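Heads up: the structure comes next, in structure tokens.
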Amino acid sequence: MDSNYIEQHLLIDRYLQGTLKEGEKDAFEERLVWDQELVDELDLAEHLREGLRAAATAREYVAKPRGFNLAAMVAGMFAVPQYAAAASFVLAVMLTAGVLLNPFVNTGGSQGYTTAQTEIVPLLAVRGASISTINVDENAWTVLLVDVMGNYASYRVTIRKDDPAAEPIWVQDGLTPTYLDALAISMPGDALDAGRYVLSLEGTTESDPGDKKYEQIQDIPFETAAAE
Amino acid sequence: MAKATLIPLHKQDSALEEERRTAARIVRGIHDGDSAAETALVERYSTGLRYLLMRRIGDEERARDLLQDTFCIAIAKLRETEIENPERLAGYLRGIAIRVAMNDGRRRNREPYLMEVEAVAQVKDREPRQFEHVAREQTLSAVHKLLKSMPVKRDREILTRLYVRDQDKQEICDALGLDSLHYNRVLFRAKRRFRKLMEKSVHTADFAPNLG
């Protein structure tokens, strides 16, 4: 197997996906045994794959912001009586709370951080409220803060288009509340095309990862529009 | 009359030619009792075999032990017998490594091969890879910069569909209305750009995120 074949047939990515045919895989691995450059290319593709997957779920982006007191900002909003009261009901109110400098994006500058923007959108549940619209910048990150209820060990969030037949576009289980009992869900803006969505929140009381049964807590509908 | 010249469509793979010559030389050397050839074998094939073993068993320490076993078996055989295609030594070694890994899975307690092979001492405890020390945050940062540097949404979508959703090329091209050439070009450029960003991360020694 020569390097032209590997390049033209995208064998590196197909190898990582596990979709090479048996003969191709044998020949590819034979080359891997002696070709240091190929090992490096695979290593790079693995990093890219892992990075994109992490970015897609991107919980890391809101895990522990440094240099920015997200907790204080959210606390300020939740201190407003009507929002605090609203947290125990069902339906959606959304506020565009502000723009956060993404603290984990490094540019090698003096502080090491760049000006990548993240919209923070508290997604509170309020009975009887109309569905609000989030303005999503496709070049920025959007963080949905979901207020959680009940005493669960962890939560699962599923986001899908508001269509019973739609496939989930985002699913994550094992979530635990971060700030003020809110789950922080970070998504690249371009994952949220303009349209109507439903965020389903489920909870489990089981702490054993192999034995989790989730109970439905609530569905929160919301709508997105492209930011101007 | 003008002379016709054949222009090869593909660049010649000189590395492959070099490998075939080197492999044949190593095989002949080991068979002739040359210990330097045994050392050359270990040095040349350690990185790739270790990577393969790591992918199969996912444990660095065990991969190193199995790598040593692989070389012990290979050297013992190459000393005593002549293999059919010496220029395809890599394939021969890969076959041994796979069998060693499979047998290891069946054995409850691994017993080391008792054979004395001096060259096997050359096997390092760890094989540093180029991007091994790049922190997760730096990888994320490089990915973020890469995505920002891609102005066309459809091009970014290719990466997401390929690496996050594990879709195959045809599926992605069909869904996005792309031709094969465009798909390959976007991937090639994205990887080249990502490599540069990652190489910069490797050299950014002062970036040490404190997440505690």
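The values are calculated or read from the model by the stated rules, or taken from the named source; none is laboratory data. This structure is a prediction, so every number in the text was calculated from the model and none was measured. Please note: Cβ atoms are built from the backbone with ideal geometry, for glycine as well, and neighbour counts cover all protein chains shown.
Descriptive notes on the structure:
- Answer from A:TYR155, A:TYR197 - the residue that is at negative phi, hydroxyl-bearing (Ser, Thr, Tyr) and without any contact (Cβ under 8 Å) to a residue 40 or more places away in the chain: A:TYR197
- Within region A:1-41, the set of residues being β-branched (Val, Ile, Thr) and without any contact (Cβ under 8 Å) to a residue 24 or more places away in the chain comprises A:THR19, A:VAL33, A:VAL39.
- Residue within region A:104-118 that is at pLDDT below 80, part of a strand (DSSP E or B) and under 19 Å from the mean Cα position of the chain (by Cα) present: yes
- Of all the numbered requirements in (1) in a helix (DSSP H, G or I); (2) more than 7 Å from chain B (Cβ to nearest Cβ), A:GLY51 misses one, and that requirement is (2).
- Qualifying residue in region B:25-37 (condition: within 17 Å of B:GLY95 (Cβ to Cβ) and among the hydroxyl-bearing types (Ser, Thr, Tyr)): no
- Test for B:GLU19: is it within 17 Å of the chain's Cα centre (by Cα), in contact (Cβ under 8 Å) with a residue 12 or more places away in the chain and in a helix (DSSP H, G or I): yes
- Residues located in region A:131-143, provided they are within 15 Å of the chain's Cα centre (by Cα) and either among the β-branched types (Val, Ile, Thr) or farther than 24 Å from B:MET150 by Cβ (or both): A:VAL136, A:THR142, A:VAL143
- Close Cβ contacts (under 7 Å, 6 or more residues apart or on different chains) running from residues in region B:43-62 that are farther than 15 Å from A:ASP35 by Cβ to residues that are among the small types (Gly, Ala, Ser) and in a helix (DSSP H, G or I) comprise B:LEU53/B:ALA63; B:LEU53/B:ALA97; B:LEU53/B:ALA101; B:MET54/B:ALA63; B:ARG56/B:ALA101; B:ILE57/B:ALA63; B:ILE57/B:ALA101.
- Boolean, A:ALA27 is at pLDDT below 90, on the phi < 0 side of the Ramachandran plot, at the interface with chain B (Cβ under 9 Å from one of its Cβ atoms) and assigned to a helix (DSSP H, G or I): no
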